[in-house]
Amino acid sequence: GDDKIRGVCLDLYSQASWAELASHLRPPLALVNFSRFLHRGLMDFVVRRMPHGCVLAVHHFVEGAVSLKSGRSIKPHDVDKCSLRPGELAERYAGAVEVLLDEAESSCDGGRPMCSFAGRKKPLFSLVQAFSST
């Protein structure tokens, strides 16, 4: 039915909107997608709050990608919002998500290298085991 997909418009650069976002990060949410938008603090916030079994999908530029307009690195002035290192998300969320996809490719977006990542939030018992073993 029409109730399975719902759009929400929020200013994700404003932490004031994150509380409203958190209210949407609950079951039956199945997918959170970041596409050509990177904010590591926001992504950490989402991963901590998204329900177990939910998939985080990210498609973003890899280090070395340049703007097609300027020919310069993408947002080099803001480390939090610039490019991803290959394997960064698998490493960053190793205890929280089961990696389903983690690859870099350069065959799309004008030949600029892109990262495609997908990870499923682990069940709570896996998180307890992961944190108790450290």
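For SER17, the conditions (1) among the polar types (S, T, N, Q); (2) under 8 Å from the mean Cα position of the chain (by Cα); (3) open to solvent by less than 50 Å² (accessible area, probe 1.4 Å) are fulfilled apart from (2). In this structure, does GLU103 turn out to be of a type in the set (D, E, K, R), open to solvent by 70 Å² or more (accessible area, probe 1.4 Å), in contact with a strand residue (DSSP E or B) (Cβ under 8 Å, 6 or more places away or on another chain) and modelled with pLDDT of 95 or more? No, not satisfied. Just checking, does region 24-37 include any residue being loosely packed, with under 13 Cβ neighbours inside 10 Å, within 16 Å of ARG92 (Cβ to Cβ) and of a type in the set (D, E, K, R)? The answer is no, given that none of the residues of region 24-37 is loosely packed, with under 13 Cβ neighbours inside 10 Å, within 16 Å of ARG92 (Cβ to Cβ) and of a type in the set (D, E, K, R).
The values are calculated or read from the model by the stated rules, or taken from the named source; none is laboratory data. Computed from a prediction, not measured in an experiment: that's the story for all the values here. Neighbour counts are summed over all protein chains in view; Cβ atoms, including those assigned to glycine, are modelled from backbone coordinates with ideal geometry. Note: accessible area is taken over every heavy atom of the protein model, side chains too, but ligands, DNA and RNA are not part of it. Shrake-Rupley method; radii C 1.70, N 1.55, O 1.52, S 1.80 Å.
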